[in-house]
Amino acid sequence: MRVHRHVLMIIAALAGALAPASAQTDPAEDEMPTRTLAEARAGQAANVAKDYRQPNKPVVPPASWMKLVSYPGPLGDMAGYLSGVPDKEERRPAIIWISGGDTAIGDFWSPQPRANDQSAAALREAGMVVFYPAVRGLNGNPGQVESYYGELDDLVAATRWLKAQPFVDPDRVYLGGHSSGGTMALLASEYAAEWAGVVAFGPVTDPLFYGSGLWGVQPVAADDANGQWLRAPINWLDSITAPTLVLEGRQGNAGEIAAFAQANSNPKARFHVVKGCTHFSILRPASELVAATMRDGSFAALLARDSFELTCG
């Protein structure tokens with residue numbers, strides 16, 4: 001379902017904040033027939049308004065069970081952290097994890113409080129291989145930040161590399177992310193069909209809602225209305241083909257999740273707000289829940305649930 005301008009304005013109002021006028025500009029009506037996000041992006045350049053990249057390479061993790069590796073991306077060799085590689089010969093389920101903030105990779109090995117564990121430790125502890133890829137322009141990688149655009153191609157490349165590893169079950173490779181990483185994970189689910197399932201925590205309907213100065217990577221060119229349209233996950237829900245579960249705490253981006261749910265008609269995607277949880281405290285208990293289903297291949301069954309009850313500390 002493509003969302004017209006007046007619908008987007010209603011959705012933004014429900015979320016408690018109206019996006020900039022440039023974000024509300026639709027493509028021409030003759031461009032509105034159903035297309036996937038990948039089809040709509042064909043021939044469209046990133047058109048980023050400013051140059052931004054992180055020159056510093058990631059530090060080498062101190063933990064022996066997490067290693068700094070590289071994967072072949074569209075722009076060249078890209079950095080990433082890999083954890084959960086088994087000692088014995090076996091194929092494990094795996095997940096690509098995208099952190100929040102500027103989505104750069106960092107300290108995922110230090111213990112974190114249960115009420116705010118953004119390290120995806122619960123997935124590692126459940127016996128999954130976890131790969132934290134750095135995308136273009138971050139952590140010394142080639143290219144520059146493209147604000148939810150070329151980064152999706154990097155995630156596809158990272159996933160294909162991960163699937164080729166001898167210790168990974170290629171049929172049980174998932175994608176997950178939190179906050180801005182959740183927004184990127186949801187957009188990636190709309191862009192490609194590489195994953196057995198996707199879990200996105202606390203995404204927003206349009207990354208322009210993050211503001212013009214956040215981490216120095218927003219917005220895209222103000223006169224590139226189509227580029228902005230292509231970066232907003234709420235416009236491409238019908239493109240989702242893998243089971244995609246979106247979760248957020250009541251004390252979080254609840255209005256955004258309600259907007260997604262109202263706009264969505266795709267049975268492959270479900271959106272839930274969980275009582276008693278925040279934008280951060282939902283991560284640990286929900287990750288424990290989804291990890292169990294990713295291990296046994298029953299993740300898709302979570303989409304049949306009408307609600308989730310989690311104990312968030």
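The values are calculated or read from the model by the stated rules, or taken from the named source; none is laboratory data. If you're wondering where the values come from, they're calculated on a predicted model, not measured in any experiment. Quick reminder, even Gly has a Cβ in these numbers, built from the backbone with ideal geometry, and neighbours come from all protein chains shown.
Quick one: in the stretch 101-129, of everything that is modelled with pLDDT of 95 or more and of a type in the set (Asp, Glu), which residue is surrounded by the most Cβ atoms within 10 Å (Cβ to Cβ)? Residue satisfying both the conditions and the ranking: 117.
One residue alone among 23, 79, 42 is modelled with pLDDT of 90 or more and either surrounded by 15 or more Cβ atoms within 10 Å (Cβ to Cβ) or among the hydroxyl-bearing types (Ser, Thr, Tyr) (or both), and that residue is 79.
Screening residue 292 against (1) buried (at least 17 other Cβ atoms within 10 Å of the Cβ); (2) out of contact with any Cys (no Cβ under 7 Å at 6 or more places or on another chain); (3) within 21 Å of residue 93 (Cβ to Cβ) leaves a single unmet condition, (1). When restricted to residues that are of a type in the set (Ser, Thr, Tyr) and under 27 Å from residue 312 (Cα atoms), the stretch 231-256 contains 1.
The criterion of at least 3 residues that are farther than 30 Å from residue 228 by Cβ is met by the following strands (runs of 3 or more DSSP E) wholly inside the stretch 69-170: 76-83, 92-98.
Among the residues of the stretch 48-68, those identified as assigned to a loop (DSSP other than H, G, I, E, B) and either at positive phi or among the charged types (D, E, K, R) (or both) are 50, 51, 53, 57.
Just one of the numbered conditions (1) modelled with pLDDT under 90; (2) under 23 Å from residue 140 (Cβ atoms) is not true of residue 62: (1). Identify all residues within the stretch 171-195 that are assigned to a loop (DSSP other than H, G, I, E, B) and either surrounded by fewer than 24 Cβ atoms within 10 Å (Cβ to Cβ) or in contact with a Lys or Arg (Cβ under 7 Å, 6 or more places away or on another chain) (or both); write none if there are none. Listed by number, the residues that qualify are 192, 193, 194.
For the stretch 149-161, the set of residues classified as in contact (Cβ under 8 Å) with a residue 60 or more places away in the chain and surrounded by 24 or more Cβ atoms within 10 Å (Cβ to Cβ) consists of 154, 158, 159, listed by residue number. For the residues 220, 198, the requirement of being buried (at least 24 other Cβ atoms within 10 Å of the Cβ), within 15 Å of the chain's Cα centre (by Cα) and β-branched (Val, Ile, Thr) singles out 198. When residue 280 is tested against (1) closer than 17 Å to residue 198 by Cα; (2) surrounded by fewer than 23 Cβ atoms within 10 Å (Cβ to Cβ), just one condition goes unmet, and that condition is (1).
Screening 310, 230 for residues that are touching a Leu at 6+ places or on another chain (Cβ under 8 Å) and closer than 22 Å to residue 130 by Cβ leaves exactly one candidate, 310. Against the numbered list (1) within 20 Å of the chain's Cα centre (by Cα); (2) closer than 27 Å to residue 287 by Cβ; (3) at pLDDT below 95, residue 98 comes up short only at (3).
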